[in-house]
Amino acid sequence: MSEHIAFIGGGNMASAIITGLQKQGTSPQQISVVEPDPVARDKLNASFGVQAQAQADASLDTATLVVWAVKPQVFKDAAASVAPFTRQALHLSVAAGVRSDSITRWLGTERVVRAMPNTPALVGQGITGLYARAGATQADQQRVSDLLTSTGASIWFDAEDKLDVVTALSGSGPAYVFYFMEAMTTAGTEMGLSREQAQQLTIATFAGASALAQASSDAPQVLRQRVTSKGGTTFAAISSMEDNDVRALFIDAMYAARERAKQLGDEFGAD
Ligand SMILES: NC(=O)c1ccc[n+]([C@@H]2O[C@H](COP(=O)([O-])OP(=O)(O)OC[C@H]3O[C@@H](n4cnc5c(N)ncnc54)[C@H](OP(=O)(O)O)[C@@H]3O)[C@@H](O)[C@H]2O)c1
């Protein structure tokens, strides 16, 4: 059977996944997108050759997989217009926070998988946390894993509330990295480097340290200790951070993100 994948919402996340699908050989004819914004529709057509439509209609009847890539606050309304055409399909939601109980209720099907991706998916370096409802079969789960392969890695979780932790860690995580990058670039500039030089050094440092952590069997803690000789320059920097409780503040920040993910579920999941 030939696959027909329908995207509800044609923004950043949908574009990242469509890029991956096309790399895997999916043709534009196998993809439909429901996207109310005409500018976004034109962009999808220009980038992917996909004909996006403003509203859900009976052309979605043949969809085998529906990917929900809308903001959480519009999910329920979008679901009301899409559900009548897609009861036969497997549903994959990338919407932050919206719980599968709500999705199942709105769509009238138990074949639901939730995903929490992150923006490095745009360059094939993302990591996605996944949770499947009992109604999604092993084959459905494999289908989702295959779909996401070209956006990066993925990890399945056996309890849905762990996706709130994934949201706080890898979902929002790229922004934490950019935040540290901003601080390092600012400091480098203040200390006399050009902004361009400081930025180049910062980005290369993150890329290099990530590659080293990935290639090494040692934990980041060990890698850090190895470059922190007592009395040295790195030691001075780390001691300053420890004295100022940067670690504890950072952990607090992640708890705040998880709390917000939970709130989103409560806010947007109501009947
Ligand atoms: N970007 C990330 O890093 C990331 C990571 C993890 C999860 N997510 C989740 O992925 C979801 C999508 O994020 P995104 O960054 O792709 O957002 P986005 O770029 O804003 O894309 C969402 C698109 O959906 C469209 N839309 C609005 N109402 C619709 C409706 N009723 N039917 C169909 N389409 C509709 C929007 O059009 P208008 O602009 O006209 O409203 C917009 O083009 C969000 O729930 C987000 O939490 C994103």
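The values are calculated or read from the model by the stated rules, or taken from the named source; none is laboratory data. Owing to the predicted nature of the structure, the values given are computational and were not obtained by experimental measurement. Reconstructed Cβ throughout: ideal geometry from the backbone, glycine too, with neighbour counts over all protein chains shown. Accessible surface areas use protein heavy atoms only, side chains included; no ligands, DNA or RNA. Shrake-Rupley method; radii C 1.70, N 1.55, O 1.52, S 1.80 Å.
Any idea what the dipole of the chain comes to, in debye rounded to 20, about its Cα centre with Lys/Arg Cβ at +1 and Asp/Glu Cβ at -1?
400
How many nm is it between the label spots at PHE235 and GLN197, if each spot is 7 Å from the Cα in line with the beta carbon?
If labels sit at PHE235 and GLN197, their model points lie 2.8 nm apart.
Could you sort out which of LYS71/LYS162; LYS23/LYS76; LYS23/LYS43; LYS23/LYS162; LYS43/LYS262 sit more than 28 Å apart by Cα distance in this structure?
Among LYS71/LYS162; LYS23/LYS76; LYS23/LYS43; LYS23/LYS162; LYS43/LYS262, the Cα-Cα distance tops 28 Å for LYS23/LYS76; LYS23/LYS162; LYS43/LYS262.
Relative contact order (percent) for region 29-157, with alpha-carbon contacts under 8 angstrom and 6 or more residues of separation? Spell out each step's value before the answer.
Details: 208 pairs, mean separation 21.3, N = 129.
Reported relative contact order: 16 percent.
Considering only the chain, what is the antiparallel percent among its DSSP beta bridges, to the nearest 5? The partial results should precede the final answer.
On the way: 4 of 26 bridges.
Here the share of antiparallel DSSP bridges comes out near 15 percent.
So for region 127-270, averaging the separation of alpha carbon pairs under 8 Å that are six or more residues apart and normalising by length, what relative contact order in percent results?
24
From the residues ALA175, GLN197, ALA213, which one has its Cα farthest along the dipole of region 173-262 in the positive direction, the dipole being from +1 and -1 charges on Cβ of Lys/Arg and Asp/Glu about the Cα centre?
ALA213
Compute the Rg to Rh ratio over the chain from the alpha carbon atoms, using the Kirkwood formula for Rh, and round to two decimal places.
We get a ratio of 1.04 for the chain.
Taking Rh as the Kirkwood radius computed over C-alpha pairs, what is the Stokes-Einstein D of region 5-159 at 4 °C in a medium of viscosity 1.567 mPa s, expressed in µm² per second? Walk me through the intermediate numbers first.
Details: Rh = 15.2 Å.
The diffusion coefficient I find is 85 µm²/s.
To the nearest 0.05, how large is the calculated FRET efficiency for ASP161 and THR205 if R₀ is 25 Å and r is the Cβ-Cβ distance?
Approximately 0.15, to the nearest 0.05.
Ignoring ligands, DNA and RNA, how do THR205, THR233, THR228 rank by accessible area with a 1.4 Å probe, largest first? Numbers along the way, then the final one.
Working: THR205 75, THR233 120, THR228 25 Å².
Result, largest first: THR233, THR205, THR228.
When only the heavy atoms of the protein chains count and the probe is 1.4 Å, how do VAL246, VAL113 rank by accessible area, highest first?
Ranked from most to least accessible, the order is VAL246, VAL113.
Just to confirm my numbers, what's the Cα centroid distance between region 95-140 and region 141-212 in Å?
21
So how much slack lies between ILE251 and SER59, counting 0.36 nm per residue of separation and subtracting their Cα-Cα distance, in nm?
Length gained between ILE251 and SER59: 64.4 nm.
Given a Förster distance of 35 angstrom, what is the FRET efficiency for VAL177 paired with ASP77, based on the Cβ-Cβ distance and rounded to 0.05?
0.55
Per DSSP helix of 4 or more residues, -39500 (n - 2.57); summed, then divided by the residues of the chain. What does that give at 222 nm, rounded to the nearest 500?
-16000 deg cm²/dmol
Compute the Kirkwood hydrodynamic radius of region 173-262, taking the inverse of the mean of 1/r over all pairs of distinct Cα atoms, and give it in Å to one decimal.
Computed over Cα pairs of region 173-262, the Kirkwood hydrodynamic radius comes out at 15.0 Å.
Could you give each residue of region 54-66 its phi-based ³J(HN,Hα) in whole Hz, using Karplus coefficients 6.51, -1.76, 1.60 with θ = phi - 60°, and x for Gly or Pro?
Listing the rounded values in order: 6, 9, 5, 8, 5, 5, 7, 3, 8, 5, 9, 9, 10 Hz.
Tell me, what % of the accessible area of region 160-227 is carbon and sulfur with a 1.4 angstrom probe?
Of all accessible area on region 160-227, carbon and sulfur atoms account for 63 percent.
How large is the accessible surface per residue of region 40-110, computed with a 1.4 Å probe and reported in Å² as a whole number?
Per residue, region 40-110 has an accessible area of 43 Å².
Counting DSSP beta bridges in region 5-159, what percent are antiparallel, to the nearest 5?
15
Please calculate the 1.4 Å probe accessible area of TYR176, with all protein chains present, and give it to the nearest 10 Å².
TYR176 exposes around 50 Å² with every protein chain in place.
Using only Cα atoms and rounding to the nearest 10 degrees, what angle (0 to 90) does helix 173-190 make with the longest principal axis of the chain?
Approximately 40 degrees, to the nearest 10.
Please give the helix 72-82 orientation as an angle from the longest Cα principal axis of the chain, in degrees from 0 to 90, rounded to the nearest 10.
Helix 72-82 and the main axis of the chain meet at about 20 degrees.
Would you mind calculating the relative contact order of the chain from Cα pairs under 8 angstrom and at least 6 residues apart, reporting the percent as a whole number?
Normalised by residue count, the contact order of the chain is 16 percent.
Determine, from the Cβ-Cβ distance of LEU212 and GLN263 and an R0 of 30 Å, the FRET efficiency 1/(1 + (r/R0)^6), rounded to the nearest 0.05.
Values: r = 37 Å, r/R0 = 1.22.
The pair LEU212/GLN263 has a calculated efficiency of 0.25.
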